[in-house]
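Asks: Okay, handing you the structure first.
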Amino acid sequence: MKKTFSTIVFSFLFSVSLFSQGKLIDKGVMPVLAYAFIPMDQVNLARFNELKEAGINLAIDNFPDVNAMKNGLDLAAKAGIKLLVSCPELKSEPEKTAKLFKDHPGMGGYYIYDEPGMNLFPKLASWCKRIQTVDNKNLRYVNIWPNFASPSVLGTESYVEYVHEFLKQMPVQIVSFDYYPVMYNRLSKTWYENLELISAESKKAGLPFWAFALTSNYDEEHLNPQSLAALRVQIYSNLAYGAQGICYYEYWDRTPANTAASEDDRGGPINARGKRTVVFDRIKQMGAEIQVLSAVFLGAKVISVKHTGKAMIPKGTSRLINLPKAIRVLETNGAPALVSVLENGANTFVVVVNKDFLNPMNLIVAGDETLKKVLKDGTIVPASAYESSIELDPGDAAIYMFPSNIANTH
């Protein structure tokens, strides 16, 4: 009986060792920015705390004057978030305004411009440089057009030239662009091409990039309201391409509240009547996921991003052919997916995103003894603890890791 008991104890300890769990090590806070966050008549601490609850830590809105801006920054600091300064005085007296706010605890940077054409680059660059003479630390934020913008708004026939000139002329610390790819039943055809370009060009420039997820609806073609799967496919695709910040447009529905269709008209997290919608709970869930997994994505170096699927892969992308050394099998059974390889510290992460936001995907992953699986709560377990064939939810991501010193990616 004693020998049998010892055998049982040994077997139990061996099992615990084989499937022992670790946790991702926190590497910092991923910026999560909200556009159009609180109307001026709703600027109060409760609304700022609500913003923080939604998982947002940075926000942009236009304040009517420098005093209102200071009040907003004061409230933001109390709630534990930061604002980008945007008020008329920032334009008319940039040095004075920067000097006033640069050390404020609620300060997150300066909102310069959204979607400028090339003709505005010299003027905006001059504005940034004036701020820079007083404050070279805080963010100078300019958001650029996506690749489907017309030549008339870009100021050039070539989107590549537009991006190159932005990087050449603008003294900014990040590259930010907006693209809202999730339609009712498909993804926009040129979205991944845009991500390829921005990821590559920001890397060449030595700058991080931020990308958007649509949380409302601005026309009849886009999903309304934004489903969890729609949010996931946008956010995880952006992160898989190396995005170092996620932006939401828009947080508060600005449809006039007295219109017949105002209630949930655009499906934002907060509707035109100031009430939470189902999208609020979805971005709250996504915010928690983003921060737990920031140890995967924040500061990561993109090694490669490849695509799978029976159908033609997106324009400007490459098909998955070779696998990282620790993975022997990776199959999506013809389903459209992207496979990103990211190096972060001593580990290499393989992120598989189901690009179909309407249907689940059968994913098969098998690897050697070094391969581990990263769960959404940050737990790390041996990949062998799971079946090699799993169902990946619509738009969702599966994350694996192995030591970088064995990596041989292509």
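Asks: Select from the range 140-207 those trypsin sites (Lys or Arg not before Pro) which occupy a DSSP coil region and have at most 15 other Cβ atoms within 10 Å, ordered by residue number. Don't skip to the end; give the middle numbers.
Replies: On the way: sites: R140, K168, R186, K189, K203, K204; in loops: R186, K189.
The qualifying sites are R186, K189.
Asks: Another one. Straight-line reach from K189: which lysines have Cα under 20 Å away, leaving out those fewer than 8 places along the same chain?
Replies: Answer for K189, where 20 Å is the Cα cut-off: K306, K310, K315, K355, listed by chain and number.
Asks: Treat every Asp and Glu Cβ in the chain as -1 and every Lys and Arg Cβ as +1, leave all other atoms uncharged, and give the resulting dipole magnitude about the Cα centre to the nearest 20 debye.
Replies: Details: 42 positive and 41 negative charges, 252 e Å.
It works out to roughly 1200 debye.
Asks: Still on this structure: Work out the charge dipole of the chain with +1 on the Cβ of Lys and Arg and -1 on the Cβ of Asp and Glu about the Cα centre, then indicate which of T370, M107, V43 is farthest towards its positive end.
Replies: T370
Asks: Give me the orientation-averaged projected area of the Cα convex hull of the range 66-215, in nm², one decimal. Please list the in-between numbers first.
Replies: Working: hull surface 39.7 nm².
Mean orientational projected area (the range 66-215, Cα hull): 9.9 nm².
Asks: Name the residue farthest towards the positive end of the dipole of the chain from the options G72, Y184, N322, assuming +1 on Cβ of Lys and Arg, -1 on Cβ of Asp and Glu, about the Cα centre.
Replies: Positive-end residue among those listed: N322.
Asks: Along the positive direction of the dipole of the chain (beta-carbon charges: Lys, Arg +1; Asp, Glu -1; about the Cα centre), which of V153, N333, P88 reaches farthest?
Replies: N333
Asks: Counting every Cα pair in the chain, what percent are over 34 Å apart? Could you put the intermediate results ahead of the total?
Replies: On the way: 28363 of 83845 pairs.
Everything past 34 Å amounts to 34 percent.
Asks: Work out, step by step, the length gained on full extension between T133 and A68: first 0.36 nm times the residue separation, then minus their alpha carbon distance; give nm to one decimal.
Replies: Values: separation 65, 0.36 × 65 = 23.40 nm, distance 2.43 nm.
Going from the current span to full extension adds 21.0 nm.
Asks: Which pairs, out of K27/K376; K284/K373; K27/K70; K301/K373; K99/K301; K203/K325, put more than 27 Å between their alpha-carbon atoms? Don't skip to the answer; put the middle values down first.
Replies: On the way: K27/K376 16 Å; K284/K373 24 Å; K27/K70 31 Å; K301/K373 19 Å; K99/K301 35 Å; K203/K325 24 Å.
Long pairs (Cα-Cα over 27 Å): K27/K70; K99/K301.
Asks: Counting only GluC sites (Glu not before Pro) that sit in a DSSP loop (anything but H, G, I, E, B) with at most 13 other Cβ atoms within 10 Å, what is the longest stretch of the chain containing none of them?
Replies: Longest site-free region, per DSSP loop and neighbour criteria: 1-156.
Asks: Right, next: Treating only the Cβ of Lys, Arg, Asp and Glu as charged (+1, +1, -1, -1), what charge dipole size does the range 267-369 show about its Cα centre? Round to the nearest 20 debye.
Replies: Details: 13 positive and 7 negative charges, 104 e Å.
With only Lys, Arg, Asp and Glu charged at Cβ, the dipole is about 500 debye.
Asks: Now for a separate question. Longest span of the chain, sites excluded, free of chymotrypsin sites (Phe, Trp or Tyr not before Pro) in DSSP loop with at most 15 other C-beta atoms within 10 Å?
Replies: Values: sites that count: F19, F148, Y184, Y218, Y386.
Looking at the chain, 219-385 is the longest stretch - no exposed chymotrypsin sites (Phe, Trp or Tyr not before Pro) with at most 15 other Cβ atoms within 10 Å.
Asks: Taking only DSSP H segments of four or more residues, each worth -39500 (n - 2.57), what value at 222 nm results for the chain once the sum is divided by all its residues, to the nearest 500 deg cm²/dmol?
Replies: That calculation yields -9500 deg cm²/dmol at 222 nm.
No value in this document is a laboratory result; all are computed from the given coordinates. All values derive from a computational prediction rather than experimental measurement. Cβ coordinates were reconstructed from backbone atoms using ideal geometry, including for glycine residues, and neighbour counts include every protein chain displayed.
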